[in-house]
Amino acid sequence: MAMIEFQDVQKYYGDFHALKDINLKIEAGETVVLIGPSGSGKSTLIRTVNGLETIQEGKLIVNGQDLADRKTDINRIRKNVGMVFQHFNLYANKTVLENIMLAPRIVLHRPEDENKQVAMQLLDQVGLQSQANKLPAQLSGGQQQRIAIARSLAMKPKCLLFDEPTSALDPEMIDDVLNVMKEIATDSDMTMLVVTHEMGFAREVANRVVFMDDGRILEDDTSEKFFDGEPTNERARQFLGKIITH
Amino acid sequence: MISIFQNYGGELLYGLGQTLLCSIIALFFALIIGSGFAILEVVPNKFFRIIARIYIEVFRNIPLLVITMFFYVVIPMYIVEISGFVSGTIGLTLYSSAFIAETVRSGIQSVDPGQMEGARSTGLSFWQSMRYIVLPQAFRYVIPPLGNQFINLVKNSSVLAFVAGFDLMYQGNVIASDSLQSMSTYLCVGVLYLILTLPLSYYMRYLEKRLA
Ligand SMILES: Nc1ncnc2c1ncn2[C@@H]1O[C@H](COP(=O)(O)OP(=O)(O)O)[C@@H](O)[C@H]1O
Ligand SMILES: [Mg+2]
């Protein structure tokens, strides 16, 4: 069964048609990279998957539940679908360790000692065990983003969404974050939907690349075809040319 | 001034006590009611937001004296006998709660919306996110303006004088006409208000520094 499935989805902000006729299916365990020019609707699309934005028409099935159905408990979906934001969104009033432990404690009622053990292990995985008792503001952007990834992983989700996780970072920190993401993609059966313009990452770990423009999906290829063949769509080709020469 | 204190010390102290009592009661309830409406103003449910908006706009935009008179005159006429002190305290509570609601709401809204999204995306409900993440951060922004509201509240408690609430201002009026020494009397009253408000003012400044 697909982990995420969009069926003829339409999304409006007031009168503005932000997502048009979206059909997209992502199987469990797949890593899909979503690219497209600024304003094309990438954030909107990824945010609908965990209900941060609502859709107006169509069906959106995530982990077997239809998000358009009012009876669906959104908090239950979010337990299984983590999200990593461009600006990290770590809790400013909590230490690194508390950032990671809060949701498992409150939402999953994970016992305190186990919770701490899991959190420390995740901090180790992202290489930041020594920072456990700091506040987010005391860390660099790259460190904060790795903490944010650890926070998502602590819920043991089936699926992770990334919205431009490295685009607010200084260049020298980008690789640390990408390496953590690559590890998750290759070493676990996590489903990942990633908005990024890091084409090296896409080429290395993505199963598919999806190109959006003006609220529509214009291209949906395996990454081999996308990078080694050529995208069929003219705009996708132009866009790829632009970001790769950069 | 000294003679006023000597001759009317008991009355003044009683007034001070009533003012203090009214202020503490009103502050307590205004804080609870105000924070409640502030949160209602930011919930996803539009119906609750509208209710909160109406409450706040009504009590913020009617003079305190009018609200108080309403309770002093209208309620006893149709519902139940209440004293001037009670009607004044109710009026002051409702009036102040509207301002406190506005203050707390703006504090909540100055917390980066990403904080709420971060919390929601890990599976916390709206209320859990509010409680653990947003409100503790909003609290820091709110301390200085809330201090101002508290000081205003103490001063506004002088509305009791209009409804025979036996507060400091009321006693001042009585003493002034009895002693024929208006200036000294109101100077005394002013000093006694300062005794209530200055410590509050300094405590707020201290809190502000400590939380900064
Ligand atoms: N909350 C919103 N209200 C109104 N319009 C929005 C909102 N969020 C995004 N948009 C509009 O939707 C379009 C797609 O935005 P977005 O999904 O952020 O694009 P991308 O992430 O690809 O840059 C843009 O035109 C943007 O202005
Ligand atoms: Mg975006």
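All of the numbers you see were taken from the coordinates with simple rules; none came from a lab. Owing to the predicted nature of the structure, the values given are computational and were not obtained by experimental measurement. Counting neighbours? That spans all protein chains shown, and the Cβs are built from the backbone with ideal geometry, glycine included.
Among the residues here, A:ASN115 does not qualify as in a helix (DSSP H, G or I), over 14 Å from A:VAL84 (Cβ atoms) and free of Cβ contacts under 8 Å to residues at least 12 places away in the same chain. Evaluated against (1) buried (at least 16 other Cβ atoms within 10 Å of the Cβ); (2) at positive phi, A:GLY64 falls short on exactly one condition, (1). For region A:195-222, the set of residues classified as under 20 Å from A:ARG47 (Cα atoms) and of a type in the set (Phe, Trp, Tyr) consists of A:PHE211 only. Given the condition within 16 Å of ligand 2 (Cβ to nearest atom) and more than 14 Å from chain B (Cβ to nearest Cβ), answer yes or no: does some residue in region A:1-14 qualify? Yes, there is a match, as at least one residue in region A:1-14 is within 16 Å of ligand 2 (Cβ to nearest atom) and more than 14 Å from chain B (Cβ to nearest Cβ).
With a requirement of 1 or more residues that are out of contact with any Cys (no Cβ under 7 Å at 6 or more places or on another chain), under 20 Å from B:THR103 (Cβ atoms) and of a type outside the set (S, T, N, Q), the helices (runs of 4 or more DSSP H) lying completely within region B:133-212 that satisfy it span B:135-156, B:182-211. Of the residues examined, A:THR72 is not one that is within 19 Å of A:ILE4 (Cβ to Cβ), more than 9 Å from every other protein chain (Cβ to nearest Cβ) and within 16 Å of ligand 2 (Cβ to nearest atom). Scanning region A:22-57 for residues that are away from ligand 2 (no atom under 16 Å from the Cβ), touching a strand residue (DSSP E or B) at 6+ places or on another chain (Cβ under 7 Å) and either within 14 Å of chain B (Cβ to nearest Cβ) or more than 18 Å from A:PRO231 (Cβ to Cβ) (or both) gives A:LYS25, A:ILE26, A:GLU27, A:ALA28, A:GLY29, A:GLU30, A:THR31, A:ILE55, A:GLN56, A:GLU57. A:LEU67 fulfils the conditions (1) within 16 Å of ligand 1 (Cβ to nearest atom); (2) within 28 Å of A:ALA154 (Cβ to Cβ) except for a single criterion, (1).
Could you grab me the full set of residues in region A:118-136 that are within 14 Å of another protein chain (Cβ to nearest Cβ) and touching a residue at least 40 places away in the same chain (Cβ under 8 Å)? Answer for region A:118-136, where residues must be within 14 Å of another protein chain (Cβ to nearest Cβ) and touching a residue at least 40 places away in the same chain (Cβ under 8 Å): A:LEU135, A:PRO136. Applying the set (1) at the interface with chain B (Cβ under 10 Å from one of its Cβ atoms); (2) crowded, with 16+ Cβ neighbours inside 10 Å; (3) without any contact (Cβ under 8 Å) to a residue 12 or more places away in the chain; (4) more than 24 Å from B:VAL111 (Cβ to Cβ) to A:ILE77 leaves exactly one unmet item: (3). Under 7 Å between Cβ atoms, which residue pairs at least 6 apart in sequence (or on different chains) link something in region A:34-51 that is hydroxyl-bearing (Ser, Thr, Tyr) with a partner that is more than 10 Å from ligand 2 (Cβ to nearest atom) and outside any loop (DSSP other than H, G, I, E, B)? So the pair list comes out as A:SER40/A:MET212; A:SER40/A:ASP213; A:THR44/A:LYS11; A:THR44/A:ALA18; A:THR44/A:LEU19; A:THR48/A:LYS11; A:THR48/A:LEU60.
Scanning region A:172-218 for residues that are more than 14 Å from A:ILE26 (Cα to Cα), in contact with a Pro (Cβ under 8 Å, 6 or more places away or on another chain) and more than 16 Å from ligand 2 (Cβ to nearest atom) turns up A:VAL177, A:MET181. Whether a residue is away from ligand 1 (no atom under 16 Å from the Cβ), in a helix (DSSP H, G or I) and surrounded by 23 or more Cβ atoms within 10 Å (Cβ to Cβ) was assessed, and A:ARG146 passes this test. When each of B:GLY118, B:GLY91 is tested for being buried (at least 20 other Cβ atoms within 10 Å of the Cβ), closer than 25 Å to B:LEU153 by Cβ and not hydroxyl-bearing (Ser, Thr, Tyr), the lone residue that passes is B:GLY91.
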